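Here's the structure we're looking at; comments come further down.
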Amino acid sequence: MKAQLDKARRSAMKNAPILLTGETGTGKDIIAQGIHNESERFTKPFITLNCSTLTEDNIFTQLYGSENEEKCGKLQEANGGTLLIDHLNLLDPSLQAKLLHAVDINMLNGEPLDIRYITTVNEDVDKLLVEKRLREDLFYRLNVLQIDLPPLRMRKEDIPTILDFYIQFYNEHTIQKNVSYRDEVLQLFYAYHWPGNVRELKNALESAYNNLMGNEIHVEHVPERIKKNLQQPAHLIMQVNQSGHLRDLTEAYERLIIAEKLRETDGRLAETARRLGISRQLLKYKCLKYELL
């Protein structure tokens, strides 16, 4: 994630089109806004074109506007700034040629166009190309720089940072002040697979705030869907947490982390050890200890 953020920062000062890929909820729109804010265009408009709403009947008006209604199109609105082409994979291939024509023009109504294009997709790009759901010519036009945002389940070490950010946000914007969370809540969040990614984590925290009576978030305040859909190693953590023994709790958490990394690497010990920052021999010992091999 750090590597992708560094790439986003470097690309902000350039004008080349950017393609942001990642599952729903990974924060592609936030990254796009951040790139715009860090660029020399930050005082100019940041406009979104939602491809999921485009049809044969409205795409021309959405792009170029309507003289009859005296309505500006997205191209004119974004001139000088950034146009976010959101959810490109949801645009019917029959309409993609019209979008390609729009992004290729450099004059509109006799005025020069200067637009930085940022595009998002929430599916695998190679699959979209193979299945002919994404035109190659449009893909190559919009994908000069590509930034891939990993799902939250692949970067669970970021969960405490994200939690602290949103805790501070809700402390400042709700009537609940000085709210914190118990350790078992963090353990529960580590154990969950987060199909909705960062967006789902934010939603879970907001739900906990709405269920809160005091100023400390407990497991009971977390949405039921999270507690009901834990990965298997998490059950051990929940059981051990009831006993409160630090050694047992620590070992249970270590087992969870190792099991998760083994799953990510398809059981490859050398790669798992590298990601954990330990030797292969130590990893094998711990795997045998926790009956993971």
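Taking the conditions exactly as written (more than 22 Å from the chain's Cα centre (by Cα), buried (at least 18 other Cβ atoms within 10 Å of the Cβ) and at negative phi), does HIS173 satisfy them or not? Criteria not met by HIS173. Note on region 217-267: residues that are outside any helix (DSSP H, G or I) and either modelled with pLDDT of 70 or more or β-branched (Val, Ile, Thr) (or both) total 8.
From the residues in region 24-47 that are over 15 Å from GLY81 (Cβ atoms) and surrounded by fewer than 18 Cβ atoms within 10 Å (Cβ to Cβ), which one is nearest to the chain's Cα centre (by Cα)?
Ranking the candidates gives THR24 first.
Count of region 137-165 residues, restricted to those that are among the acidic types (Asp, Glu) and free of Cβ contacts under 8 Å to residues at least 24 places away in the same chain, is 2.
Pairs linking a residue in region 102-123 that is surrounded by fewer than 17 Cβ atoms within 10 Å (Cβ to Cβ) to a residue that is small (Gly, Ala, Ser), with Cβ atoms under 7 Å and 6 or more positions apart or on different chains, are ASP114/GLY80.
Out of the residues in region 12-46 meeting the condition of being of a type in the set (A, V, I, L, M, F, W, C) and not in a strand (DSSP E or B), tell me which one is farthest from ASP158 (Cα to Cα). Break it down into steps so the answer makes sense when it comes.
The initial filter retains those residues of region 12-46 that are of a type in the set (A, V, I, L, M, F, W, C), namely 12-13, 16, 18-20, 30-32, 35, 42, 46.
Remaining after also requiring not in a strand (DSSP E or B): 12-13, 16, 30-32, 35, 42.
Working: ALA12: 23, MET13: 26, ALA16: 29, ILE30: 16, ILE31: 16, ALA32: 20, ILE35: 21, PHE42: 28 Å.
The qualifying residue farthest from ASP158 (Cα to Cα) is ALA16.
Filtering LEU49, LEU63 for residues that are assigned to a strand (DSSP E or B), farther than 30 Å from HIS193 by Cα, out of contact with any Ser or Thr (no Cβ under 7 Å at 6 or more places or on another chain) and of a type outside the set (D, E, K, R) leaves a single hit, LEU49.
Applying the condition of being surrounded by 18 or more Cβ atoms within 10 Å (Cβ to Cβ) and part of a helix (DSSP H, G or I) to region 142-155 and asking which residue is farthest from the chain's Cα centre (by Cα) yields LEU142. Among residues of region 64-76 that are within 14 Å of ASP114 (Cα to Cα), those with a Cβ under 8 angstrom from a residue that is surrounded by fewer than 18 Cβ atoms within 10 Å (Cβ to Cβ), sequence gap 6+ or separate chain, pair up as LEU75/ILE105; LEU75/LEU108; LEU75/LEU113; GLN76/LEU108; GLN76/ASN109. Number of residues in region 177-192 that are surrounded by fewer than 17 Cβ atoms within 10 Å (Cβ to Cβ) and assigned to a loop (DSSP other than H, G, I, E, B) equals 3.
The values are calculated or read from the model by the stated rules, or taken from the named source; none is laboratory data. Computed from a predicted structure; not experimentally measured. Neighbour counts run over all protein chains shown; Cβ positions are idealised from the backbone, glycine included.
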